[in-house]
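Have a look at the structure below before the remarks.
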Amino acid sequence: MQALLPLVLSAAALQSLQPPLPVERPFVPQGRPLEGLVITIDPGHGGASHSAGYTGSARGVDSRYPEQDLNLKVSVHLVNLLRLAGADVRLTRSDDSRMTLNPLEGPPTSRSEELGARVKMAAESASHLFLAVHHNSFSSPQAHGVVVLIWPTDKRGNDQPLEREFADVLREEVEAAVPHGRRYNHYLSQHPLVTFSDQPSAVIEFGFLSNPEFDRWVTSPGNTRTEAVAVYKAIERFWRERRSELEAERTRLFPAASLLGREPEPTPAGRLRREMLGGMPPDPVRSEEALRRYAEIVRQSGGWLAVRVARQGDRMVVEGECSHPLVAAFAKTLVPDGADFRVRVLPPARPMVGAFPMASVWAEPALASGQTDQVLLGEIVWVRGATPDGSFLLAQTPRGGFGWVRRDALEEPDGAWLGAARKVRFLADTLVDDFRIPAGAELPVLREEADRVVVALPRGVRATGFRKEASVPRDRVAPVAAEAGRGLAAGAAAAALRYQGAPYLHGGRTELGMGDAELVTLAWASQGVRLPREAAALAACGSLASSDGEVPPGAVLVFLGETGLPETVGLGLGGRRFLIAAPPEVQVCSLNPEDPVFDRGLAERLAFVRTLP
Ligand SMILES: [Zn+2]
């Protein structure tokens, strides 16, 4: 007898599910100690190797790792820590390019134009501090240590004690964390980055790439993070100890800076609320319309909100159900303060199985209310609610949308259905006496008999004496490639894990900076599967899975934002663990409260889990 389902999950794919770094919570600032600080971070170099006349830059003596990439990786990590701590941060570059736009023909922009552009950004933002991030190189491989470049006077020759103190604190904190040989004094350098800026500014050179020991250390996983954390601690300490001097210096240099105070960026929830209410305070008429529109958007993104609005005198009464506490919380911001708001969150999902050859999914709990989808025989749907008389169930189908299915079209699943290891998909409509199994239905295999396959039926049919099984010709069915799919999914998870520890960068797609949806799409692209990039579109990929069970490798976890809509995605690693690109870095998290990397915030925002491919 032929093996129905070849096992293709390779041992290599499973072994490579080992993360490169220990699984632990990354360093995150406590509170917002840097509130009020404006700072410019400049990852040194970048883009020069694409310019005419390029003569090569510093690289690891053995690793050959380019300096500009190390600088960017440390800087992006540092920017995350500073922002988490409440600082207003400018980053001069986030890709491999210069800041100046080179002409396509003719000589490239000069070094002084390039460095001038970086200094200018720090001045235009009226930054309290300006820090350029570099790694050193020297002709002797013995050179080994931290070097801070400053210039102790401003452009008019006045002393800059703050700059000197900044350098002291930087060197102290970095030397405490980064391997070094001899101790270098501040290098008083007429470097354009420090001489031409009157703000306290410094260039940090973490170590010599020409030194084999430092090269090996800095290119090992997690060590650019060590550098970033050390610099973060220096900045946090300097701001704590010297805040009033830094504020005074800023006011002296940029008298208009206090007026520059940036409008706080509106949060996505604030923006959506303004859009829904037309920028006006909520009143009963506006609220009712806003709730109707919001419910529509929630449903389009795979969630559920149904409300009934009534008036009791002047008082607005809002009653209904929704799929997630964050949906209720946002909906509440759309109604006037005194309103009676009673929107409850639906109970957790429980699986049921399609028992009809096909059953309509209705827009409303009534027959012929508008069919939105169909549930095929054997399909698992996730039930969240019911009409008071129990005749219709509110279910989420594998394709993601909510809708109403009549109760008698669904069956409680038994062991054969949940976690069935082997299933077949029907290639053509197949009759079992007068009961039709439609093409596309996927049913568990109970056993194989010569040229026939015995499949489970959710509810017996008369022809089999109501036994919950049927024997069908083998050529009517094809194996559901569950094992092959699992191999791909494990491959995707393994590919994503290689980015563990990479700094978070919105929209980033490399190990020098990685975004959340980008991590998931790159992981699956490694297996030849193209996914959309928006969290809302990812929320509709693959099939809906239980969100309170295991998170299979490669599964997409969709997390809601304060809008109650999909905002962030992660990638399943098996068990209850997943990988997510979130500030400050790509990290392993868990939905299990017992796990040291449990993340309560994310667990509470989880909307659903979708399995791929
Ligand atoms: Zn450099």
Give the range 44-67 a look and list any residue that's in contact with a strand residue (DSSP E or B) (Cβ under 7 Å, 6 or more places away or on another chain) and either β-branched (Val, Ile, Thr) or within 12 Å of the ligand (Cβ to nearest atom) (or both), or say none. 44, 57, 58, 59, 66, 67
Any residue that is free of Cβ contacts under 8 Å to residues at least 60 places away in the same chain and under 23 Å from residue 215 (Cβ atoms) - is there at least one of those in the range 156-169? no
Residues in the range 107-132 that are more than 16 Å from the ligand (Cβ to nearest atom) and more than 23 Å from residue 253 (Cα to Cα): how many? 4
Among (1) of a type in the set (Gly, Ala, Ser); (2) under 25 Å from residue 425 (Cα atoms); (3) modelled with pLDDT under 90 - the single one residue 489 does not satisfy: (3)
Scan of the range 359-375 for residues that are at pLDDT 95 or above and either out of contact with any Ser or Thr (no Cβ under 7 Å at 6 or more places or on another chain) or within 15 Å of residue 459 (Cβ to Cβ) (or both), ordered by number: 359, 360, 375
Applying the selection to the range 163-197, what residues are buried (at least 21 other Cβ atoms within 10 Å of the Cβ) and at pLDDT below 90? 193, 194, 197
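Would you confirm whether any residue within the range 210-222 is of a type in the set (Gly, Ala, Ser) and either within 16 Å of the ligand (Cβ to nearest atom) or assigned to a strand (DSSP E or B) (or both)?
Step one: list which residues in the range 210-222 are of a type in the set (Gly, Ala, Ser), which gives 210, 220, 222.
Right, trim to either within 16 Å of the ligand (Cβ to nearest atom) or assigned to a strand (DSSP E or B) (or both) and you get 210.
Looking through the range 210-222, at least one residue is of a type in the set (Gly, Ala, Ser) and either within 16 Å of the ligand (Cβ to nearest atom) or assigned to a strand (DSSP E or B) (or both).
Residues that are part of a strand (DSSP E or B), over 30 Å from residue 554 (Cα atoms) and at pLDDT 95 or above: does the range 54-61 have at least one? Don't jump to the end; show me each part of the working.
Filtering the range 54-61 down to residues part of a strand (DSSP E or B) leaves 59.
Okay, now just the ones that are also over 30 Å from residue 554 (Cα atoms), so 59.
Then keep just the ones that are at pLDDT 95 or above; that gives none.
No, every residue in the range 54-61 fails to be part of a strand (DSSP E or B), over 30 Å from residue 554 (Cα atoms) and at pLDDT 95 or above.
To keep it simple, each residue is scored yes or no on (1) away from the ligand (no atom under 16 Å from the Cβ); (2) part of a helix (DSSP H, G or I); (3) assigned by TED's automatic domain parsing to the domain that holds residue 238.
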residue	(1), (2), (3)
134	no, no, yes
143	no, no, yes
148	no, no, yes
162	yes, yes, yes
167	yes, yes, yes
181	yes, no, yes
Inter-residue pairs, beta-carbon under 9 Å, first assigned by TED's automatic domain parsing to the domain that holds residue 117 and in the range 193-208, second within 12 Å of the ligand (Cβ to nearest atom) and acidic (Asp, Glu), 6+ apart: 193/42; 203/42
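Okay, residues lined up against (1) assigned to a helix (DSSP H, G or I); (2) modelled with pLDDT under 95; (3) loosely packed, with under 13 Cβ neighbours inside 10 Å:
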position: 7; (1), (2), (3): no, yes, yes
position: 14; (1), (2), (3): yes, yes, no
position: 23; (1), (2), (3): no, yes, no
position: 40; (1), (2), (3): no, no, no
position: 45; (1), (2), (3): no, yes, no
position: 70; (1), (2), (3): yes, no, no
Look through the range 445-455, keep the residues that are touching a residue at least 24 places away in the same chain (Cβ under 8 Å) and touching a Leu at 6+ places or on another chain (Cβ under 9 Å), and return whichever of them is surrounded by the most Cβ atoms within 10 Å (Cβ to Cβ). 455
Test of understanding: among 98, 93, which residue is within 16 Å of the ligand (Cβ to nearest atom), crowded, with 20+ Cβ neighbours inside 10 Å, modelled with pLDDT of 90 or more and in a loop (DSSP other than H, G, I, E, B)? 93
Are there any pairs, at least 6 apart or on different chains, whose C-beta atoms fall under 8 Å, with the first in the range 67-87 and hydroxyl-bearing (Ser, Thr, Tyr) and the second within 16 Å of the ligand (Cβ to nearest atom), and if so, which? 75/41; 75/42; 75/43; 75/133
Mind counting the residues in the range 183-209 that are part of a loop (DSSP other than H, G, I, E, B), under 13 Å from residue 153 (Cα atoms) and under 38 Å from the mean Cα position of the chain (by Cα)? 3
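A quick yes/no check of all residues on (1) touching a residue at least 12 places away in the same chain (Cβ under 8 Å); (2) outside any loop (DSSP other than H, G, I, E, B); (3) over 18 Å from residue 381 (Cα atoms):
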{"residue": "425", "(1), (2), (3)": "yes, yes, no"}
{"residue": "428", "(1), (2), (3)": "yes, no, yes"}
{"residue": "436", "(1), (2), (3)": "yes, yes, yes"}
{"residue": "443", "(1), (2), (3)": "yes, yes, no"}
{"residue": "458", "(1), (2), (3)": "yes, no, no"}
When (1) on the phi > 0 side of the Ramachandran plot; (2) in contact with a helix residue (DSSP H, G or I) (Cβ under 7 Å, 6 or more places away or on another chain); (3) at pLDDT 95 or above are applied to residue 86, the one that fails is (2)
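The values are calculated or read from the model by the stated rules, or taken from the named source; none is laboratory data. The model shown is predicted, which means the values in this text are computed figures rather than measured ones. Here Cβ is always computed from backbone atoms with ideal geometry, including for glycine, and neighbour counts include all displayed protein chains.
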